[in-house]
Each structure stands twice: as C-alpha cells, then as structure tokens.
Amino acid sequence: MTKLESKIVVITSGKGGVGKTTTTAALGAELANRGHKTVVVDFDIGLRNLDLIMGCERRVIFDFVNVIQGDANLTQALIKDKRSENLFILPASQTRDKDALTTEGVEKVLMELKKEFHFIICDSPAGIERGALMALYFADEAVVVTNPEVSSVRDSDRIIGVLNSRTRRAEQGLEIKKHLLVTRYAYNRVQRGEMLSVEDVQEILAIPLLGIIPESTAVLHASNQGVPVTLSGSSDAKEAYRDAVARLLGETTKANSQKSWKKLLEGLRLFSRSHV
C-alpha cells in the first residue's frame, strides 16, 4: 500500500454518552481492516473504557500514564489486537487522575506514535477539562460526535469553538479539519419531533457531515462482547461506520455522497417503520 502521512484524529463531542468510545473503536478497526496501521488511544484517565470495547481489558499491564512518566516504554504499553495485525490500543490508567497528562508528556508519546502509525485515533473524555483538552490539542483532524438532541448539539458547538481556539494548529493560525458524525439517529423519533433532523444538526454546527449512525442494538451487543461494531456481524450501524471511514479517507465524491445519504436516510425510514 502507498505510505500515508501519519495523522492524529480526535474523537470528541463535549457531552458524555454520545458514542465517542464506540466510534473510536469502530473507526480504528475499519481503518486497520483497510490496511492502515492504526492505534487507538484512551485519554479518559481514571475511568478507562476503550479497552473494554476493544475486548482487551485483561491484557492491560502498562498504560498511557506509565509511558508518560517513564515507567514503561511504548512497546510495553501497546496492545496488539488479536483480530487485526494493523490495530493497536494504548489504554488509559484507572488509578491516576487527569493531571498526570502533561502537554510535554502527551506530545512525546504522540510524536513517537506518528513514527509508526498511519492513524492515531484519540478517544476524548467528555467535557472540556484537562483530559479532553489534551486529547484534542495535538489533533490534525477531529470527528465531532453528536446525538440529534439539543443538549448534545449545543455541547458539540462549544467543542467546535475549542477546536478553533485552543489547539496547537489554532495557535499556529491553522484550522483543524472537522467532521460531523451523527449517532443514534432514529428516523421515526425525528418524525415525531423527539429528535432533531440531520439537516437541523448540520445547520447548527455547520461542519461537513461524515456519517449518520442509526440507533441500533447491534452497537450495544458488540460493545458488550468487546468487539468493535465494524468487526461484528452484519448490521446497519456497521455499514454506516464503514461508509464514514470511506469519507474520512476521501474515497467518496460529493455526487456519490449525496446519493449515499439519500439511500441511507431511506433505509432508516424503512427500518423505523418495520420496528414500530
């Protein structure tokens, strides 16, 4: 394969519970499946859930903070996924607090990862405290994950402001490329006025749409089994995440993108009707 420039992509939102960790695992696994050497990095120091979603919690010996503090090197802390030769995880610590993440320490680790990986996918914790700010500070691109609900969209709008003002690229007068991922989208609830439409979310946030992930029990089932949904059985959510990765890689033209949105939304309508 053609060697790609290494890229740091942060998965962020501001609000908790919107599917950032699920998205990190799904996108990371699909990128690896496509042949890109990928590492997913858990920035949620003190809580740590990415290893559960990835199904490697029992294999964690050293973590992100151990590497920053010099107690272990990256080779010792990185966990290779057993299902994909291109997929690795750098877990967070459960016993430290977010103050253990220093700008210098995080930069050193990320720069080391950039020497080896095509994609470094950073799973940001909720909010805009230290862990979240560290996750997005060094990002080249950002995937802003939001549910089609007013509170979630409002928090995502605030995160977009942070991406535009409190990152290294912003300090250098550069812009972080931002992508919108709408998760847990249920067409029937949109029709009843219980959720915002995709168009409403786009109008408020005004960043390019990367994907629409339908509300699906397949996501929860995969997470409970410790399997990224893009490595699990057939589902609408799996196909939607795979489609999002194609866009992230620039494989979808504008014309094809419009056709695929129409097809996906029509599929969501039919799916919703069949589950009423």
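The values are calculated or read from the model by the stated rules, or taken from the named source; none is laboratory data. Predicted model only: the values in this text are computed from it and were never measured. Using ideal geometry, Cβ is built from the backbone for each residue, glycine included, and neighbour counts are taken over all protein chains shown. Heavy atoms of the whole protein, side chains included, go into the accessibility calculation; ligands, DNA and RNA do not. Shrake-Rupley method; radii C 1.70, N 1.55, O 1.52, S 1.80 Å.
Key figures
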quantity	calculated
Integer Hz, Karplus 6.51/-1.76/1.60 couplings in order for the stretch 81-94, x for Gly and Pro	5, 6, 9, 9, 5, 9, 10, 9, 10, 10, x, 8, 8, 9
Sequence ranges 7-19, 79-91, 24-36, 214-226, ranked by mean other-Cβ count within 10 angstrom, highest first	24-36, 7-19, 79-91, 214-226
Expected-Rg normalisation [2.2 N^0.38 Å, Cα atoms] applied to the stretch 1-99	1.06
Cα gyration tensor, the chain - rounded (a/c under 1.5), prolate or oblate	prolate
Nonlocal amide H pairs with Ser124, under 5 Å, H built at 1.01 Å	Ile11
Inter-site label distance for Val150 and Arg166 at 7 Å from Cα along Cβ, in nm	2.5
Förster radius 41 Å - calculated FRET efficiency between Asp200 and Arg59, Cβ distance, rounded to 0.05	0.45
Carbon plus sulfur fraction of accessible area for the chain, probe 1.4 Å, in percent	47
Residues in the stretch 88-129 that a label on Arg158 would reach, taking backbone N under 13 Å of a point 7 Å out along Cα→Cβ	126-129
Average accessible area per residue (Å²) across the chain - probe 1.4 Å, nucleic acids and ligands excluded	46
The chain: relative contact order as a whole-number percent, Cα under 8 Å and 6+ apart	24
Centre separation in Å (Cα based) which lies between the stretch 5-20 and the stretch 82-96	16
In degrees, nearest ten, helix 254-274 long axis to first principal axis of the chain (Cα)	70
Bins of 5 Å, starting at 0 and running to the largest distance - Cα pair percent for the stretch 126-223	2, 13, 22, 21, 18, 13, 7, 3, 1, 0
